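Just so it is clear, none of the values below were taken in a lab; they were calculated from the coordinates. This is a predicted model, so every value here is computed, not measured. Counting neighbours? That spans all protein chains shown, and the Cβs are built from the backbone with ideal geometry, glycine included.
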Amino acid sequence: MEDIALKEMWANYDKKLEKTLALNHRLIAEIQTQKVRSVLRPLKTIKIVGVTAGIIWTLFLSVLVTFAISGMTASRLFFVVSVLGIIVTTAAAVVIYIRQVVLIRQIDNSENIMEAQRKLAVLQSSTMNVARILFLSAPFYTTFYINKAMFEHVNIGLWVLQVTITTVFTITAIWLYRNIQMKNAGERWFKVIFGSKEWTSVTKAIKFLKEIEVYEKE
């Protein structure tokens, strides 16, 4: 009889322990999920501001290009081509930002940890892609002001400076486009570029969700 009573006590204890562990896991998951939402909330605001600013900038440049093309001359060629390059890269960045806002909302409403992790990985990847695309526009900011007068009144020193600056910006932009990848996340230059809240918020959110996995494995 004592053995039966003892087994029943252990069985009851195991049930209570399982319930306690399940409750602890649920509480930890809820706490970590709340942390993720708290981190991503201001990030969504940043993205929305970025979308708004990008749209305004694109519209403004589009108006300038329209006026330039309407009275198109050889001297305006550099301006038109440069501004069109900026418009294309900015518009691409705006589209990605809009997708990121949608992703953040989906993560915020997600109750599935695995799905939230997958979408956070996509958000992290697209954040790098935005930076890569925007860096490609950098060389265009060094050529939009080139005009006919610069060709008619040649200043060797000025042209050497112009070519040097444009070349440096172009090489740097291409290098960054090719090297901005997760495998370089530990590099100092990467940390300088991605030291803003736009990147750190995503990495913190990923860390919070990984802590749930660690707890489940223990």
The Rg/Rh figure for the range 60-218, Cα atoms and Kirkwood Rh, to two decimals is 1.14
Subtracting the Cα-Cα distance of Trp57 and Lys204 from 0.36 nm times their residue separation yields 49.9 nm
If R0 = 22 Å, then Leu77 and Ala149, at their Cβ-Cβ distance, give a FRET efficiency to the nearest 0.05 of 0.95
Mean 1/r over distinct Cα pairs of the range 48-124, inverted to a Kirkwood Rh in Å, yields 14.5 Å
Whole-Hz Karplus couplings 3J(HN,Hα) for the range 64-77, θ = phi - 60° and coefficients 6.51, -1.76, 1.60, Gly and Pro as x, run 4, 5, 4, 5, 5, 5, 4, x, 4, 9, 4, 5, 9, 4
Karplus ³J(HN,Hα) for the range 178-183 (6.51 cos²θ - 1.76 cosθ + 1.60, θ = phi - 60°; Hz, whole; x = Gly/Pro) runs 7, 9, 6, 8, 4, 5
A chain fully extended from Leu161 to Tyr177 at 0.36 nm per residue, minus the present Cα-Cα distance, gains in nm 3.4 nm
Karplus ³J(HN,Hα) for the range 113-128 (6.51 cos²θ - 1.76 cosθ + 1.60, θ = phi - 60°; Hz, whole; x = Gly/Pro) runs 4, 4, 5, 5, 5, 4, 6, 5, 5, 5, 5, 5, 5, 5, 5, 5
At the level of C-alpha centres, the distance separating the range 139-156 and the range 76-116, in angstrom, is 32 Å
Burial-style ranking of 169-175, 150-156, average other-beta-carbon count within 10 Å with highest first, yields 169-175, 150-156
